[in-house]
1. Per residue, how large is the accessible surface of the chain? Use a 1.4 angstrom probe and give square angstrom.
2. May I ask you to give the percent of accessible area on segment 14-81 that is carbon plus sulfur, with a probe radius of 1.4 Å?
3. Under 10 Å, Cα contacts only: if you run a Gaussian network model on the chain, which one of ASN47, ASN15, ASN31 comes out with the highest mean-square fluctuation?
4. For the chain, what is the Kirkwood hydrodynamic radius in Å, using each pair of distinct C-alpha atoms?
5. Quick one: of LYS8/LYS65; LYS35/LYS60; LYS26/LYS65; LYS44/LYS65; LYS44/LYS76, which pairs are farther than 24 Å apart, Cα to Cα?
6. Only helical DSSP H runs with n ≥ 4 go in: add -39500 (n - 2.57) per run for the chain, normalise by residue count and round the 222 nm mean residue ellipticity to 500 deg cm²/dmol.
7. Rounded, prolate or oblate for segment 1-47? Axes are the square roots of the Cα gyration tensor eigenvalues, ordered a ≥ b ≥ c, and the cut-off for rounded is a/c under 1.5.
8. Keeping all protein chains in the complex and leaving out DNA, RNA and ligands, what accessible area do you get for LYS35 with a 1.4 Å probe, in Å² to the nearest 10?
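The values are calculated or read from the model by the stated rules, or taken from the named source; none is laboratory data. Here the structure is a predicted model, which is why all the values come from computation and not from measurement. For the accessible areas, the whole protein counts, side chains as well, though only heavy atoms, and no ligand, DNA or RNA atoms are used. Shrake-Rupley method; radii C 1.70, N 1.55, O 1.52, S 1.80 Å.
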Amino acid sequence: RMSRHAKKLRDHDINPCLPETDATTKCMNDNNYNKDMCTDYFLKYKNCRKFWHEIMMQRKRSGVKPEMPAAEERKKILESMG
């Protein structure tokens, strides 16, 4: 059984970087946990977290709830940016 924390991390509405998380994990598994082989995946994940953290902070400052946009809204935000 997954812990509540683990479930939250698997929730698309809570974790905006789920695809990056999964790709990084898969890379690590495929490459016998050699981090050097997965640098690009780590970078994509880090950039994803940084991007959505900024969005969250902007929304928090503006009093927008929820602070993390749901999956559908995030999709629209990304589409509007090209």
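1. Working: 6540 Å² over 82 residues.
With the other protein chains kept in place, the chain gives 80 Å² per residue.
2. Using a 1.4 Å probe with all protein chains present, segment 14-81 comes out at 55 percent carbon and sulfur.
3. Judging by the Gaussian network model, the answer is ASN31.
4. Hydrodynamic radius (Kirkwood, Cα only) of the chain equals 14.1 Å.
5. Beyond 24 Å: LYS35/LYS60; LYS26/LYS65; LYS44/LYS65.
6. The helix contribution divided over the chain gives -21000 deg cm²/dmol.
7. Numbers: a/c = 3.31, a/b = 1.64, b/c = 2.02.
Oblate is the answer for segment 1-47, as a/c is 1.5 or above yet b/c matches or exceeds a/b.
8. Per-residue accessible area (LYS35): approximately 130 Å².
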